[in-house]
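Engineer: Before I ask anything, let me first share the structure, which is written out below as structure tokens.
The values are calculated or read from the model by the stated rules, or taken from the named source; none is laboratory data. As the structure is a computational prediction, the values presented were derived from the model and not from experiment. Here the Cβ is made from the backbone with ideal geometry for all residues, glycine too, and neighbour counts use every protein chain on show.
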Amino acid sequence: MKVTGTHIINAPRERLWQLLNDPAFLKACLPGCESLEATGPDQYQVVLTVGIAAVKGKYMGTVALSEKEPPQRFKLRVEGKGTGGFMQGTGVLELAEDPQGTKVTYEGDVQVGGPIASVGQRLLDGAAKMIVGQFFTAVNAQVTAMSDASPAPSSSQKGSDPVASGPTSPSLTAAPVQISPWRTLLKFVLTQAKEKLQRWFARSA
């Protein structure tokens, strides 16, 4: 299964690169992520709960980053298995400067097996795009929240000792994103109906 797309993130490229390499930030943005912990340099262990159509399960796996070219691109490898089956995939994430912030382009291949594969290719494609879309929507929301939580220093703080006062780090709020089986099913039905209408009009022409 091919996964490709682009998203615009409202953050400078260098800042976004730092955030995408921050386990706490990734955990807050990944849909259904219960835990994400570093196990080594650019190595992470992750636990996700994801539902696609009638198949919902908890998955445990690993995420590895490689071939890093800060702040431009990196390669991503993901492997996981759980009650819904197994999946593995590789992809490349590229970050380019954009007038609105940073343009993120991703491309990858994903293989799935077990019960989750029984939902069909169309539902899997739709669910994959939805999960990726939810992730980048959460990234933008977190970036905006972090910017809003960093007020300008007051006049009484301008002459203070920066070491004594210390920087304040805005908290991350886990994104409340879950894959709705009804939404996925409705999208699949509408797509099927649209294709059938197009074929009917083509035969009638």
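Engineer: Y106 passes all but one of (1) over 15 Å from I131 (Cβ atoms); (2) touching a Leu at 6+ places or on another chain (Cβ under 6 Å); which number fails?
Structural biologist: (1)
Engineer: Take the conditions in contact (Cβ under 8 Å) with a residue 24 or more places away in the chain and in a strand (DSSP E or B) and apply them to A64. Does it pass? Break it down into steps so the answer makes sense when it comes.
Structural biologist: Working: in contact (Cβ under 8 Å) with a residue 24 or more places away in the chain: no; in a strand (DSSP E or B): yes.
Spelling it out, it is not the case that A64 is in contact (Cβ under 8 Å) with a residue 24 or more places away in the chain and in a strand (DSSP E or B).
Engineer: Given the conditions (1) within 19 Å of I131 (Cβ to Cβ); (2) surrounded by 15 or more Cβ atoms within 10 Å (Cβ to Cβ), report the number of the one that N21 does not fulfil.
Structural biologist: (1)
Engineer: Still on this structure, please answer the following. On the basis of being under 14 Å from the mean Cα position of the chain (by Cα), in a strand (DSSP E or B) and touching a residue at least 60 places away in the same chain (Cβ under 8 Å), does V50 make the cut?
Structural biologist: yes
Engineer: Going through the stretch 24-46 one residue at a time, which ones are β-branched (V, I, T) and buried (at least 17 other Cβ atoms within 10 Å of the Cβ)?
Structural biologist: Taking the stretch 24-46 first, the residues β-branched (V, I, T) are 39, 46.
Once the filter is applied, which keeps residues that are β-branched (V, I, T) and buried (at least 17 other Cβ atoms within 10 Å of the Cβ), the stretch 24-46 yields only V46.
Engineer: Here's something else I'd like to know. Only one residue in G80, G89 is part of a strand (DSSP E or B) and over 24 Å from L16 (Cα atoms). Which one? Outline the logic, then answer.
Structural biologist: On the way: G89 fails: over 24 Å from L16 (Cα atoms).
None of the others qualify; the one that does is G80.
Engineer: Does G89 satisfy the criteria of being more than 21 Å from E14 (Cα to Cα), surrounded by 15 or more Cβ atoms within 10 Å (Cβ to Cβ) and of a type in the set (G, A, S)?
Structural biologist: yes
Engineer: Only residues that are surrounded by 19 or more Cβ atoms within 10 Å (Cβ to Cβ) and under 14 Å from the mean Cα position of the chain (by Cα): list them for the stretch 2-16, please.
Structural biologist: Listed by number, the residues that qualify are I9, L16.
Engineer: Here's something else I'd like to know. State whether the residues of the stretch 130-150 include one that is of a type outside the set (K, R), in contact with a Lys or Arg (Cβ under 9 Å, 6 or more places away or on another chain) and modelled with pLDDT under 90.
Structural biologist: Yes: one or more hits.
Engineer: Can you pull out every residue in the stretch 86-105 that is in contact with a helix residue (DSSP H, G or I) (Cβ under 7 Å, 6 or more places away or on another chain) and among the hydroxyl-bearing types (S, T, Y)?
Structural biologist: T102, the sole residue that qualifies.
Engineer: Further question on the same structure: May I ask you to list pairs of residues, at least six apart or on different chains, whose Cβ atoms are under 7 Å apart, with the first in the stretch 23-43 being at positive phi and the second being of a type outside the set (K, R) and not in a helix (DSSP H, G or I)?
Structural biologist: These pairs meet every condition: G32/L48; G32/T49; G32/V50; G32/Q178; D42/A64; D42/L65; D42/S66.
Engineer: Report, by residue number, each residue of the stretch 95-147 that is of a type in the set (D, E), surrounded by 14 or more Cβ atoms within 10 Å (Cβ to Cβ) and over 16 Å from V3 (Cβ atoms).
Structural biologist: D98
Engineer: I would also like to ask the following. Could you check how many residues of the stretch 93-118 are assigned to a strand (DSSP E or B) and either touching a residue at least 24 places away in the same chain (Cβ under 8 Å) or of a type in the set (F, W, Y) (or both)? Reasoning before the result, please.
Structural biologist: Going residue by residue through the stretch 93-118, those that are assigned to a strand (DSSP E or B) are 93-98, 101-113.
When the remaining residues are screened for being either touching a residue at least 24 places away in the same chain (Cβ under 8 Å) or of a type in the set (F, W, Y) (or both), the result is 93, 95-98, 101-113.
Residues meeting the conditions: 18.
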